[in-house]
Every structure is written in C-alpha cells, then in structure tokens.
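Take a look at the structure set out below.
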Amino acid sequence: MSDALDLSGTDSAQAWTLLQQKFAAAAPGEALEILISGDAGGLLREMQKSHWGAFDWAPLEEVSGQGRYWVRKLDKPSQKRRLNEFLTSDHRRCDSVFTTLEEKAAAGDKEGTRLHFQRFERGMHRHFKMEEDLFFPAFEARTGMTRGPTMVMRMEHTTPSSPQSPPNRVVRSPL
C-alpha cells in the first residue's frame with residue numbers, strides 16, 4: 001500500500017479531484033489509504049456514483065474526527081458484483097491486515113502491532129456484521145438451512161482468539 005493520501009485539509013471539491021486523480025493512476029488491484037477529516041460519506045457516495053463496481057473500501061480507524069480509509073481498485077470492474085465476490089475480497093483484505101500484524105508482532109514493533117491489531121479487529125467486526133446481518137439471512141431464506149454452515153460460522157465469530165498468540169502477547173504486554 002502506498003503512502004496515505006491526506007485529504008484532511010482540503011475542501012470537498014478539492015478532495016474529490018485529488019481522490020479521482022489518485023484512483024485513476026492506481027493500477028488494478030492497488031490499494032490506497034486516504035485520510036479524511038469529518039464525515040467521509042459524501043466522498044464515498046461520489047466514488048460510488050462515478051466508479052460503481054470498480055472499488056472496495058473499508059474504514060481502518062477514526063481518531064479525533066479524522067478517518068483513515070482503505071480503497072482498492074478492483075482488477076475487473078463489474079456493474080453486477082455478487083455478494084460472495086465482495087465477501088471474498090473483504091476476507092482477503094482482513095488476511096492482508098493480519099499478515100502485517102503478524103510481521104509487526106514478530107519484529108517486536110509494539111506500536112505497529114497495536115495499530116494493525118486495531119485495524120484487524122475493526123475489520124473483522126465489520127466483516128462479521130455484514131455476514132450475520134446480510135449474507136446469512138439471505139442464504140438461510142433461500143436454502144431453508146438454519147443449522148448448517150451459517151450456524152458454524154456464527155459460532156466461529158464468537159470464538160475469541162488466543163491471548164497467547166504473538167500479536168495478542170505484544171499488544172497486551174506492559175510498556
């Protein structure tokens with residue numbers, strides 16, 4: 001991922017122009033980080049209007065009214081993306097954050113580990129919520145299966161990670 005595109009000191013028109021330029025220059029599959037002050041909703045709605053089916057996005061963190069977002073240009077834009085394609089892409093994003101988290105923990109980088117642990121935790125909660133609120137009910141309504149794979153996945157969503165895992169040990173160790 002490249003350096004963050006800081007849009008926090010710009011008005012909405014300038015922010016939109018800068019994001020458009022950065023997105024146009026991005027290679028397919030490339031992920032961008034953007035920093036935005038205040039509500040990012042307007043900017044993301046503009047992206048959806050002009051680039052529907054061409055990108056994924058996720059919130060990474062919010063601190064003192066400033067948000068950091070992940071935006072990835074899709075390899076193949078599609079006007080009709082299926083839910084499973086989106087969830088697969090989001091799984092890969094979470095896996096990537098977790099890989100970085102493990103690397104930071106293995107290197108003993110406590111601050112990097114904390115940052116990526118928070119990003120991973122936030123991303124997983126968001127992902128679980130999408131599955132449980134959207135995907136699982138749709139799957140169950142269509143198949144009639146309520147005690148099958150969705151039940152197993154719901155149980156997996158409530159299983160806490162081991163406090164002895166390297167990332168957890170680094171994050172929870174005293175300074």
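Read the figures in this text as sums done on the coordinates, not as results from a lab. This is a predicted model, so every value here is computed, not measured.
Residue separation times 0.36 nm, minus the C-alpha to C-alpha distance between L18 and H157: what's the value? The partial results should precede the final answer.
Numbers: separation 139, 0.36 × 139 = 50.04 nm, distance 3.79 nm.
Net length gain for the segment: 46.3 nm.
Percent relative contact order of the range 5-73, based on C-alpha pairs within less than 8 angstrom and at least six residues apart? Computed value for the range 5-73: 38 percent relative contact order.
Evaluated over the chain, the count of Lys pairs having alpha-carbon atoms less than 20 Å apart is 6 (only pairs 8 or more residues apart or interchain). Where [x] 25.2, 77; [y] 26.5, 90; [z] 17.9, 51 are the candidate values, the label of the one calculated here for Rg and Dmax of the Cα atoms in Å is [z]. Gain on full extension, evaluated as 0.36 nm per residue between A107 and K80 minus their Cα-Cα distance, stands at 5.5 nm.
With each run of n ≥ 4 DSSP H residues scored as -39500 (n - 2.57), what mean residue ellipticity at 222 nm is computed for the chain after dividing by its residue count and rounding to the nearest 500 deg cm²/dmol? Present the calculation step by step, with values, prior to reporting the outcome.
Working: 7 runs with 95 residues, N = 175.
Calculated from helices alone, the mean residue ellipticity at 222 nm is -17500 deg cm²/dmol.
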